[in-house]
Each structure stands twice: as structure tokens, then as C-alpha cells.
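**Q** Supplied in C-alpha cells, the structure appears directly below.
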Amino acid sequence: MQKLFRNLCPRNCFSTCSILSYVEKGKLVRVSGDPAHGFTRGKLCAKGYAYVERVYSPKRILYPLRQFPRGSGNWRRISWDEALQIIASKMLELKGRYDSFLPVCLCKHYGNMGLLHYAPEALFDGLGSITVTEGSACWSAGLDAYLYCTGTVEKSDPEDMVNSKVIILWGVNPAWTAVHQMYFIDQARNRGAQVVVIDPIFTATAIQADLYLQPKAGSDGALALGIAKYIVDNALYDEKFLVHHVYGYKAFFEYLKTISYDWVEDRTALPKEAIWEVAELYAKNSPAALWTGFGLQRHTNGGQNIRAIITLAALTGNLGKSGAGVYYASMKHWELFSFYTRDYISSKNPVLHRKVNINTLGKELEKIANPPVKMLWLTQRNLFQDAETASLKSALEDLELIVQVDQFMNQSSRYADIFCRQPLNLKNGMLYQAIGITG
Ligand code: SF4
């Protein structure tokens, strides 16, 4: 007989699918989407349907392992007691040597976003100040752009896209990466909406578009300025909205006079007629929605590219009404994580950690002193997806202990001494005990 469990996919994904898990004799045998979940309507993506395969993958790490010597690939299974003893002994030895836990560095990113995501912070906040990585290789420039332009990072409800007359998908490929949103895009099209895809890559979403523009990678800001210029030159802007809601638009109009369509063509490698066509579609068919992906802010001037795009919504009054808006990210769920761990634990005595930039980790580890970093706790990220891996390699080699906590090994595991499986909830308590912290 099968038992039914209700779960939520913990991946860092827009859909946050409800999952029905079927368990027979203690073994997960099948997963399906939950028809009662409004947004996803009972469907998962390919990654969701592969959960049974993932849970029982022979590559998934289920026990603590020790690699000796580091980089040899010679991993040996050890007990939790031995793993905790090695980790706690090193932390206590560093505390004795430097009179502080600052030589311990926590380096983590996103990955599994279940409630246990902030368990490492819960552990380390209890110790006092350590060193932590800050920043993000992922979405920071875009977040800053939204804060500068709109004062917040909010977006319309995903379902509201059905009310759009024009949808511009700028650097996103929902046909592959946000499959549930395609349903609402299709609904809008059934009602007569036009879909524009702007992407240097001809994607599965671009195939379905009414209009597709293929700009040079990194030229999104120039393209947005070209569209803005056309809107202003042809008085297609929403004057009432500008007067009541937009600060500095007259100066922006002046700035646009310094830009020529030839310059936009040159930067984007797009014919000016195509740029004008998008401008006309967007400005003349309100409400119109814009959706910006994460990739186009990962360039020099990445934040400014996003700001230029948001400006299009402000120019045309496509903000604050149904069917409009600029979709990017939402920070709302952060409140739940904060409740569970960090703020809950440290609200009375906030812990001030020493910060190092996650995007230049190798250089930061090499130069940081008084005290230097000697131990790394690496979780939910593969360092070798980053830039500047040469400096990273030598910095890692200099560390005295690297603990990696994850579900599967990755390129970073070559540098780890101890590999522990996720999740960590029980083991955090054990580590507290091992280093002698109670209460
Ligand atoms: S779309 Fe896929 S990855 Fe995203 S929440 Fe659903 S099952 Fe998980």
C-alpha cells in the first residue's frame, strides 16, 4: 500500500511546485504534481519528475567522507563522530590560536531553498563572529537596478500576465526554465496578445514569438535606449504618468538627444526598423508586460542595462496596473527564511560577521589578514562556476581544512577534506555539542 505525502519543490525556482510523493514500504516510488496547486495545476518540470531518480542516485552522498590527501580522489567513509571530531577540533584549535572564530569562513549560495537553507547560518551565528561570503554572482546588479528605479523589488502576480496585450520576454527562456509561466503567456496570446522575444540566443521560447530580436550579447542597455528614444521622438510616452510618478524624466529626454539610431544599430547589430517596431508595439498596446532575465545583468554595466529597460515601463505608464509591470524577482519569501533561522536566533544579539566578496573569493582569501582565513565551510555552490579560478585554486590549497556540505560532489570537491551530506539539521546540534557550546 502506498502512503501519500505532500511536499514542495525546494529548488530556487519561480514555480515552487507542490509535489505529491508516493511512498511504498519506506521507499519513494513516484512523484507527481498537485492539481490543487493553483499556479502549477498539477504539473512539474523535468527536474521535478526526476526526484525519484535523484533521491536514489548512486552518486548522491549519504555518509561523511574524508579525502586524504586532498585532491587525490581517495575518499574514505568515516563516521559522523569522526567527521564532527575533525571539524570541531580544527575550529577550537583556530579559536585558541587566533582568539576568535574569524579564521572560519562560511561560503554558500542558493541551491536547495527549503527551510534548512539557512541552517549553516543558524549554526555559525551561535558561535559569534566568523567570516562569511557576501554578494551574489546571480542577481545583485538587477536587484540594485530595481531598487534605484522603483524603490522596491516587487513584481506583478505571474497569473496577471494573461491581461497583457504585449509581452516582451527579454533574456528569458520560460519554455525551458519557467514552464508553468508559458501557460499564462499562451492564455494571453489566445486573447490576442503579441509576444516579443529579445535574446542573443534563439531559444525554444523565441521559436514561438511573434517578433524575435537577436541583439549582440551585452548590448541590452543600448537597445533599451534606442526604444526609449523612438518613444520620446514620436511622443508615444504617457505624459500624465510621467508628471505624476517619474522623477527626472525631462533630464532623461535631454540625454536621449545625445544618442543616435546609428549608434544603437552599431551597438546592438539590429536594424533600426526592428527597434522601432518593438517600440511601437510596446508603447501603443497598453497594458504591456516586460520580463527581464538574469543573464543580461551579468555584464559590464549590467545594472544600468536593467535600469534602461525599466525606464521603458515608466515612459509608457506600464507600471502599477493589471497586465503591465516589469517582472524580475521577488524578495517576499525571504521573510519566511528569516523567521526560521537567522533573525529568530540572532534578533536579541545580532552577530556581526566579517564579510568577503563572493565574486572575488580567491583574491579575498589570499589578502585577508588579522586573522587570516584558515578553514572553509562550503555549501550549496560549486566554486568553479565562478570567474578567476586560478587565484581560487591557490587560495584553497593554502587552507588548513575545507568542509563541503552538499548532495552530490562537484568540481570543488577536489579541494575538500571532509564531505558531509545535506541536510544538516541534526548534525548542527551535534556539532554544537562537539565544540562545547550549550544553551
Ligand atoms: S518547475 Fe521544476 S524545479 Fe521549479 S519548482 Fe517545479 S518541479 Fe521544482
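**Q** Any chance region 212-225 includes a residue that's among the basic types (Lys, Arg) and either in contact with a strand residue (DSSP E or B) (Cβ under 8 Å, 6 or more places away or on another chain) or loosely packed, with under 14 Cβ neighbours inside 10 Å (or both)?
**A** So in region 212-225, the residues among the basic types (Lys, Arg) come out as 216.
Filter again for either in contact with a strand residue (DSSP E or B) (Cβ under 8 Å, 6 or more places away or on another chain) or loosely packed, with under 14 Cβ neighbours inside 10 Å (or both), leaving none.
No: zero hits.
**Q** In region 165-222, which helices (runs of 4 or more DSSP H) lie fully inside it and hold 2 or more residues that are outside the structural domain of residue 42 (by TED's automatic domain parsing), among the small types (Gly, Ala, Ser) and over 19 Å from residue 323 (Cβ atoms)?
**A** Result: 204-207.
**Q** When both residues are 6+ apart or on different chains and their Cβ atoms are under 8 Å apart, which pairs have a first residue that lies in region 198-222 and is farther than 17 Å from residue 262 by Cα, and a second that is surrounded by 16 or more Cβ atoms within 10 Å (Cβ to Cβ) and among the aromatic types (Phe, Trp, Tyr)?
**A** Matching pairs, first to second residue: 198/170; 198/212; 199/170; 199/212; 202/212; 206/212.
**Q** If you go through region 12-40, how many residues are assigned to a loop (DSSP other than H, G, I, E, B) and either among the acidic types (Asp, Glu) or within 11 Å of the ligand (Cβ to nearest atom) (or both)?
**A** 10
**Q** Take the residues in region 46-56 that are of a type in the set (A, V, I, L, M, F, W, C) and surrounded by 11 or more Cβ atoms within 10 Å (Cβ to Cβ); name whichever of them is farthest from residue 174 (Cα to Cα).
**A** So the residue we want is 55.
**Q** Let me ask you something else. Got a sec? Which of 386, 406 is within 20 Å of the chain's Cα centre (by Cα), farther than 21 Å from residue 130 by Cα and assigned by TED's automatic domain parsing to the domain that holds residue 103?
**A** Answer to the check: 386.
Here is a yes/no grid of residues against (1) more than 25 Å from the chain's Cα centre (by Cα); (2) farther than 23 Å from residue 167 by Cα:
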{"site": "234", "(1), (2)": "yes, no"}
{"site": "245", "(1), (2)": "yes, no"}
{"site": "262", "(1), (2)": "yes, yes"}
{"site": "268", "(1), (2)": "yes, no"}
{"site": "275", "(1), (2)": "yes, no"}
{"site": "285", "(1), (2)": "yes, no"}
{"site": "300", "(1), (2)": "no, yes"}
{"site": "307", "(1), (2)": "no, no"}
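**Q** A follow-up question, please. Looking at 59, 43, which one is surrounded by 11 or more Cβ atoms within 10 Å (Cβ to Cβ), among the charged types (D, E, K, R), assigned to a loop (DSSP other than H, G, I, E, B) and in contact (Cβ under 8 Å) with a residue 60 or more places away in the chain? Give the steps one after another, and end with the answer.
**A** Details: 59 fails: surrounded by 11 or more Cβ atoms within 10 Å (Cβ to Cβ).
Going through 59, 43 in turn, just one is surrounded by 11 or more Cβ atoms within 10 Å (Cβ to Cβ), among the charged types (D, E, K, R), assigned to a loop (DSSP other than H, G, I, E, B) and in contact (Cβ under 8 Å) with a residue 60 or more places away in the chain: 43.
**Q** Can you find even one residue in region 229-246 that is outside the structural domain of residue 39 (by TED's automatic domain parsing), touching a Ser or Thr at 6+ places or on another chain (Cβ under 8 Å), buried (at least 20 other Cβ atoms within 10 Å of the Cβ) and more than 20 Å from residue 322 (Cα to Cα)?
**A** Among the residues of region 229-246, at least one is outside the structural domain of residue 39 (by TED's automatic domain parsing), touching a Ser or Thr at 6+ places or on another chain (Cβ under 8 Å), buried (at least 20 other Cβ atoms within 10 Å of the Cβ) and more than 20 Å from residue 322 (Cα to Cα), which makes the answer yes.
**Q** State whether one or more residues within region 72-92 are of a type in the set (Val, Ile, Thr), over 26 Å from residue 138 (Cα atoms) and part of a helix (DSSP H, G or I).
**A** yes
**Q** Being within 16 Å of the ligand (Cβ to nearest atom), of a type in the set (A, V, I, L, M), out of contact with any Phe, Trp or Tyr (no Cβ under 6 Å at 6 or more places or on another chain) and under 30 Å from residue 385 (Cα atoms) is the requirement here; does residue 8 meet it?
**A** When the stated conditions are applied, residue 8 passes them.
**Q** Another question about this same structure. Restricting attention to region 363-393, which residues are out of contact with any strand residue (DSSP E or B) (no Cβ under 7 Å at 6 or more places or on another chain) and more than 23 Å from residue 420 (Cα to Cα)?
**A** 363, 366, 367, 369, 370, 371, 372, 387, 388, 389, 390, 391
**Q** May I pose another question? Tally up the residues in region 349-371 that are surrounded by fewer than 16 Cβ atoms within 10 Å (Cβ to Cβ) and in a loop (DSSP other than H, G, I, E, B), please.
**A** Count: 5.
**Q** Considering every residue within region 43-56, establish whether at least one is hydrophobic (A, V, I, L, M, F, W, C), modelled with pLDDT under 95 and away from the ligand (no atom under 16 Å from the Cβ).
**A** no
The values are calculated or read from the model by the stated rules, or taken from the named source; none is laboratory data. Computed from a predicted structure; not experimentally measured. Note that we place each Cβ from the backbone using ideal geometry, even for glycine, and neighbour counts take in every protein chain shown.
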